[in-house]
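> Let me begin by handing over the structure; questions about it come next.
The values are calculated or read from the model by the stated rules, or taken from the named source; none is laboratory data. These numbers come from a predicted model, not from an experiment. Counting neighbours? That spans all protein chains shown, and the Cβs are built from the backbone with ideal geometry, glycine included. Keep in mind that these areas ignore ligands, DNA and RNA; they rest on the heavy atoms of the full protein, side chains included. Shrake-Rupley method; radii C 1.70, N 1.55, O 1.52, S 1.80 Å.
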Amino acid sequence: MTTTLNPPVHPLQPFDVLDTCHQQVVITLQKLTELIDHIEAQGVDGQAQAWARDIFLFFMNTAREHHLDEERHIFPTMLSSGDASLMEAAMRLQQDHGWIEEDWLELAPQIESIAAGYNWFNLEQLRLAVPVFQALYQDHMALEETLAYPEAKARIAAWDLQGMGREMASRRRQKSSLAA
C-alpha cells in the first residue's frame with residue numbers, strides 16, 4: 001500500500017500578492033495596446049468587448065485593491081522610517097496613485113463603452129492617452145519594486161506581516177461576498 005503525501009499548501013505571503021498584481025498590471029497594460037490595435041483592424045467585435053470588459057474590471061477592482069494594500073501597509077512603514085529619502089519616495093508613490101486614478105477615470109468610460117459594444121469612444125484619444133497611462137504605471141511599479149517593497153520587507157516584523165496578510169485576505173473576502 002502506498003500513500004500519497006500531499007505537499008503542504010502555503011498561503012501566499014502579502015508581498016507575493018503584491019508582486020503577482022504587478023505582473024497582472026503589466027499584462028493588462030499590454031492588453032490595452034492590443035485592444036486599440038484590434039479595434040483599429042477589426043472594429044468592436046466580441047473579442048474587443050471581452051478584452052475591454054477584462055481591462056475595465058481589473059482597473060476598477062484589482063488595481064484599486066492593490067493600491068489600498070500599499071496605502072495601508074507599505075507607505076506607512078516608509079513614512080515612519082525617519083529616512084528623508086524613503087519618506088519622499090512614499091509621498092511620491094502616494095501622489096502617483098492619485099495620478100493613476102485620474103488617468104484611469106479618463107480612460108474608463110471609453111473602455112466601458114467598448115465592453116458594452118458601443119461606439120462612443122474616441123480611438124485617437126485612446127491612442128494618445130494609453131501610452132501616458134502605461135508609462136506612469138510602469139515608472140510607479142519600478143520604484144515600488146526597487147525601493148518600496150524591499151524597504152518595507154526589511155522593516156515589517158513577522159507579526160505585522162501576518163496581520164498585513166490577514167487584513168488583505170479579509171478585505172478581499174468581504175468584497176467577493178458582497179459581489180456574490
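> Could you please tell me which pairs satisfy a Cβ distance under 7 Å, a separation of 6+ or placement on different chains, a first residue in segment 14-32 that is in contact (Cβ under 8 Å) with a residue 60 or more places away in the chain, and a second residue that is open to solvent by 50 Å² or more (accessible area, probe 1.4 Å) and of a type in the set (Lys, Arg)?
Sorted first by the residue in segment 14-32, then by its partner, the pairs are Phe15/Lys153.
> Suppose the filter is open to solvent by less than 50 Å² (accessible area, probe 1.4 Å) and either touching a helix residue (DSSP H, G or I) at 6+ places or on another chain (Cβ under 6 Å) or closer than 18 Å to Leu29 by Cα (or both); does Ala129 pass it?
yes
> For Gly117, only one of the following conditions fails: (1) under 18 Å from Thr28 (Cα atoms); (2) in contact (Cβ under 8 Å) with a residue 40 or more places away in the chain; (3) not hydrophobic (A, V, I, L, M, F, W, C). What is its number?
(1)
> Check whether at least one residue in segment 117-134 is over 18 Å from Ala52 (Cα atoms), of a type in the set (Gly, Ala, Ser) and part of a helix (DSSP H, G or I), and report yes or no.
no
> Look at segment 116-133 and say how many of its residues are among the small types (Gly, Ala, Ser) and within 14 Å of Ile36 (Cβ to Cβ). Can you show your working first?
Step one: filter segment 116-133 for residues among the small types (Gly, Ala, Ser), giving 116-117, 129.
From the residues that got through so far, the ones that are within 14 Å of Ile36 (Cβ to Cβ) too are 129.
Here the count works out to 1.
For every residue, the table says whether it meets (1) surrounded by 14 or more Cβ atoms within 10 Å (Cβ to Cβ); (2) on the phi > 0 side of the Ramachandran plot.
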| site | (1), (2) |
| --- | --- |
| Leu79 | yes, no |
| Gly82 | no, yes |
| Asp139 | no, no |
| Leu147 | yes, no |
| Leu161 | yes, no |
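> Is one or more of the residues making up segment 21-36 touching a Phe, Trp or Tyr at 6+ places or on another chain (Cβ under 7 Å), more than 24 Å from Ala169 (Cα to Cα) and among the basic types (Lys, Arg)?
Among the residues of segment 21-36, at least one is touching a Phe, Trp or Tyr at 6+ places or on another chain (Cβ under 7 Å), more than 24 Å from Ala169 (Cα to Cα) and among the basic types (Lys, Arg), which makes the answer yes.
> Can I ask one more? Kindly indicate whether Gln134 is touching a helix residue (DSSP H, G or I) at 6+ places or on another chain (Cβ under 6 Å) and polar (S, T, N, Q).
yes
> Given the conditions (1) of a type outside the set (S, T, N, Q); (2) part of a helix (DSSP H, G or I); (3) open to solvent by less than 70 Å² (accessible area, probe 1.4 Å); (4) at pLDDT 95 or above, and given that Val44 satisfies all but one, which numbered condition is not satisfied?
It fails just one condition, (2).
> Could you check segment 111-135 and list, in sequence order, the residues that are of a type in the set (S, T, N, Q) and in contact with a Leu (Cβ under 6 Å, 6 or more places away or on another chain)?
Gln134
> Does segment 29-41 contain any residue that is of a type in the set (S, T, N, Q), modelled with pLDDT of 95 or more and open to solvent by 80 Å² or more (accessible area, probe 1.4 Å)?
Scanning segment 29-41, I find at least one residue that is of a type in the set (S, T, N, Q), modelled with pLDDT of 95 or more and open to solvent by 80 Å² or more (accessible area, probe 1.4 Å), so the answer is yes.
> Turning to a different aspect of this structure: Determine which member of the set Leu93, Leu107, Leu86 is open to solvent by less than 30 Å² (accessible area, probe 1.4 Å), within 15 Å of the chain's Cα centre (by Cα) and not acidic (Asp, Glu).
Matching residue, one of Leu93, Leu107, Leu86: Leu93.
> Could you please find all residues in segment 51-82 being free of Cβ contacts under 8 Å to residues at least 40 places away in the same chain and not in a helix (DSSP H, G or I)?
Ser80, Gly82
> Here's a follow-up. For Met168, state whether it is buried (at least 16 other Cβ atoms within 10 Å of the Cβ) and assigned to a helix (DSSP H, G or I).
Judged against the criteria, Met168 is a match.
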